[in-house]
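Down below is the structure, laid out as structure tokens.
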Amino acid sequence: MRIEHALKNLARLLMASLALLGATGCPGKLQDKERFLLDSGAVGDDAGGGCGDVVARIFVPRCGGGGCHGPTAPQQGLDLVSAGVAARVVGMPALSCAATLADPDDPASSFLYTKLSASPPCGSQMPLAQLPLSAADAACILAWIADQPAN
């Protein structure tokens, strides 16, 4: 008897849940879908081919998190979060090694890119004390550097 009663209550709950789910309807349409697409086609800080906004999608959460390369006391003086990242890194020397932070003429030798490898030419792999970036995200950073106008 008790099990039958519990099963009936469960069936009622399931039916009510399905009715509620059906009543919620279609989620609608996204008004500004281009804002959410990966390939923004923008130039400057947002450049990066099909990678979207590399600064917002990779630099801010992976490099600026934990106060490492954010605007407040950035490590090695490198702020990768505040507006104008490209102006601060393109053609600029790294403080800790003899390298250019971002060199659009030779993006693969750029310090921002080489620091992502398991054995960077100087210092430790970035992001420090986190999982390494995926190969796709590293390629996005390489594309972002290549897309920057040279200083």
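Taken together, the values in this text are just the output of simple stated rules run on the coordinates, not laboratory data. Just so you know, these numbers come straight off a predicted model, no measurement behind them.
For THR100, enumerate residues with amide H under 5 Å from its amide H, sequence gap 5+ or separate chain, H modeled in the peptide plane.
Hits under the 5 Å cutoff: ALA94, PHE111.
Extension gain ALA98-GLN125, at 0.36 nm per residue separation less the Cα-Cα distance, in nm?
8.1 nm
Could you work out Rg/(2.2 N^0.38 Å) for region 34-147, with Rg from alpha carbons only?
0.97
Please turn the phi angles of region 111-126 into ³J(HN,Hα) values with the Karplus equation 6.51 cos²θ - 1.76 cosθ + 1.60 (θ = phi - 60°), one per residue in order, whole Hz, x for glycine and proline.
Values per residue, Gly and Pro as x: 4, 4, 8, 5, 5, 7, 6, 4, 10, x, x, 8, x, 9, 5, 10 Hz.
Once amide H atoms are built 1.01 Å from N in the peptide plane, which residues 5 or more positions from GLN125, or in another chain, come under 5 Å H to H?
none
Quick one: what are the phi-derived ³J(HN,Hα) couplings along region 76-89, Karplus 6.51/-1.76/1.60 with θ = phi - 60°, whole Hz, x for glycine and proline?
3J(HN,Hα) across region 76-89, in whole Hz: 6, x, 9, 9, 9, 10, 4, 4, x, 4, 4, 5, 8, 10.
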